[in-house]
1. Tell me, which residue of region 109-139 that is among the acidic types (Asp, Glu) and within 24 Å of the chain's Cα centre (by Cα) is surrounded by the most Cβ atoms within 10 Å (Cβ to Cβ)?
2. What residue, among those in region 115-143 that are part of a loop (DSSP other than H, G, I, E, B) and out of contact with any strand residue (DSSP E or B) (no Cβ under 9 Å at 6 or more places or on another chain), is modelled with the highest pLDDT?
3. The conditions are (1) part of a helix (DSSP H, G or I); (2) charged (D, E, K, R); (3) in contact (Cβ under 8 Å) with a residue 12 or more places away in the chain, and residue 94 fails exactly one of them. Which is it?
4. In region 47-71, how many residues are among the polar types (S, T, N, Q) and closer than 19 Å to residue 131 by Cβ?
5. Being within 21 Å of residue 48 (Cα to Cα), touching a helix residue (DSSP H, G or I) at 6+ places or on another chain (Cβ under 7 Å) and not hydroxyl-bearing (Ser, Thr, Tyr): is that true of residue 119 here?
6. What is the number of the single condition among (1) closer than 21 Å to residue 218 by Cα; (2) under 10 Å from the mean Cα position of the chain (by Cα); (3) surrounded by fewer than 20 Cβ atoms within 10 Å (Cβ to Cβ) that residue 65 does not meet?
7. Can you work out which of the residues in region 185-202 that are closer than 23 Å to residue 243 by Cα and at pLDDT below 95 is nearest to the chain's Cα centre (by Cα)?
8. Are there any pairs with C-beta distances below 8 angstrom linking a residue in region 328-340 that is in a helix (DSSP H, G or I) to a residue that is of a type in the set (S, T, N, Q) and crowded, with 21+ Cβ neighbours inside 10 Å, with the two at least 6 apart or on different chains, and if so which?
Amino acid sequence: MLNNKTQLSTLLTKTASALDIPDHVYEDATLKYEDVGEWLAADDSELKRYNPEIYVQGSFRLGTVVHPITEADEYDIDLVCQLAIEKGQTTHADLKKIVGDRLKKRDDLAKILEPSRRCWLLNYPSENQMPAFHMDVLPTIPNTERPPTGILLTDTELKLWQKSNPIAYANWFYDRMKVIFQEKRASLANSIQAKVEEVPEWQVKTPLQTAVQILKRHRDIHFQDKCEIRPISIIITTLAAHAYRNQLDVYDALAGIVQDIEVNWGKPGYVEYRNGKWWVANPVDDDENFADKWNEYPERREAFLQWVKKVRSDFSSAARRQTLDEAADEMAPLLGRSAMTKAAQDMGLRVSSALPVIVRPQFQVPALGDTGHLQRPQWPERPNNTAQITGTVHFKSGGRLLWPITEKPISKKLWLRFKAKTNTPSPYEVHWQVTNTGREAAQAGQLRGIFYDSDKGMDGVRWESTAYSGTHLVEAFIIKNGICVARSGQKQVRIK
């Protein structure tokens with residue numbers, strides 16, 4: 001039997017990482033839904049007078065995305081478009097139509113747009129090393145019975161408005177793992193020298209999120225030929241969050257979740273039998289039953305219960321193996337040989353009949369080019385103080401933060417915010433040197449290399465756009481009484 005459960009947890013964590021959406025795909029998807037949101041809420045949009053609120057919901061918001069089970073499948077992003085319209089002032093059809101009409105006004109979106117029962121689908125094809133995915137744009141209005149974040153959904157097959165509250169649900173989910181999430185986010189911020197709030201939530205993974213990903217992939221494979229009775233993700237996620245006890249170890253979290261679901265079957269907060277109906281309550285709206293279909297299709301409830309028992313049996317069996325290699329071999333058909341192979345190879349293990357790990361091509365960014373055009377500082381230097389700069393990525397100038405600047409390549413047509421920090425006593429000025437390199441900048445006559453003031457009204461802040469592929473330089477100069485008393489050093493920015 002395995003003596004070190006920590007190794008098994010590491011293997012499970014690495015497997016979940018292999019199942020997770022890659023950072024560059026997540027960033028690309030984020031930019032696409034930011035783009036759609038900007039279009040829907042633009043100043044010239046017919047929707048503007050309804051104060052549209054655009055936000056993502058579902059597994060993307062919860063950090064529990066898993067890679068499609070085959071390369072032919074697609075990622076799915078759910079985008080809420082909430083309009084400030086009272087229920088009595090619109091209909092399902094009218095609400096859906098005005099959102100669809102706005103999407104159709106942009107040619108590139110109109111080409112990939114199609115209607116569905118509750119929403120509009122944008123089908124993005126695979127291109128530029130990115131997988132295909134579809135975005136569900138869900139027209140909604142406020143649910144005044146569940147303020148401040150409750151919403152009502154359109155449904156062309158139903159007369160009554162459908163209720164939901166994805167913001168409150170996400171807040172509840174994160175609250176179930178709040179302490180560990182905050183610790184991991186702070187640790188990650190420290191490792192990349194960023195502020196905690198600059199670390200996107202999706203870059204942090206807790207044992208709860210990892211356990212949900214593992215459960216979802218086990219579900220996907222177990223029910224691959226029985227999709228009609230496959231447990232839905234919201235039930236798995238809700239029950240797992242209820243059962244999570246802040247375990248630091250992923251295997252302990254997974255085992256505890258499955259055991260709690262079985263032990264607490266029939267109890268509030270888990271799978272209940274309420275007034276003659278099977279019920280999995282929405283934790284932020286007790287009137288909503290995530291398991292309502294179980295009462296119409298009893299075989300789905302029975303399939304869920306048998307699957308939970310199978311999960312417990314499968315992972316208990318893996319934990320009883322003599323070696324980690326054997327455990328990896330046993331879990332490979334349960335979680336997918338490709339993901340398990342990658343996780344095992346990362347740990348120096350082997351997996352029998354392993355599949356080759358697909359190495360996807362990386363984005364090529366031109367290396368730092370000639371910097372002969374970089375101007376010399378115009379101030380005398382007495383470096384008695386220190387200075388550092390941090391940078392963050394934004395969809396538009398002044399827009400919300402997406403993620404911090406790291407060594408990873410950044411897409412074009414975005415905005416970067418640089419902030420200088422110094423121990424120099426006030427008053428002082430911050431000036432910036434921005435230097436582009438590479439063929440694209442040279443051809444556009446934009447190699448620059450000159451000095452700029454900080455942005456007006458924002459001491460120590462400089463906004464720049466990403467326009468040219470290449471490796472570029474940004475440096476802050478702290479000027480006091482006409483003398484440069486500190487320099488940040490050159491920060492490299494890689495644009496793909």
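1. Going residue by residue through region 109-139, those that are among the acidic types (Asp, Glu) are 114, 127, 136.
Filter again for within 24 Å of the chain's Cα centre (by Cα), leaving 127, 136.
Details: 127: 9, 136: 17.
Selected residue: 136.
2. Quick first cut of region 115-143, residues part of a loop (DSSP other than H, G, I, E, B) only: 116-119, 125-126, 128-129, 131-132, 143.
Now narrow it down to the ones that are out of contact with any strand residue (DSSP E or B) (no Cβ under 9 Å at 6 or more places or on another chain): 117, 125, 128-129.
Values: 117: 88, 125: 92, 128: 76, 129: 76.
Among them, the one singled out is 125.
3. (3)
4. Taking region 47-71 and keeping what is among the polar types (S, T, N, Q), we get 51, 57, 59, 64, 70.
Keeping just the survivors that are closer than 19 Å to residue 131 by Cβ gives 59, 64, 70.
Number of matching residues: 3.
5. Numbers: within 21 Å of residue 48 (Cα to Cα): yes; touching a helix residue (DSSP H, G or I) at 6+ places or on another chain (Cβ under 7 Å): no; not hydroxyl-bearing (Ser, Thr, Tyr): yes.
Taking the combined requirement at face value, the residue does not satisfy it.
6. (3)
7. First, pick out the residues of region 185-202 that are closer than 23 Å to residue 243 by Cα: 185, 201-202.
Still in the list and also at pLDDT below 95: 201-202.
Numbers: 201: 7, 202: 4 Å.
My answer is 202.
8. 331/15; 332/341; 335/15; 339/15; 340/15
The values are calculated or read from the model by the stated rules, or taken from the named source; none is laboratory data. What you are looking at is a predicted structure, and each value in this text was computed from that prediction instead of being measured. Here the Cβ is made from the backbone with ideal geometry for all residues, glycine too, and neighbour counts use every protein chain on show.
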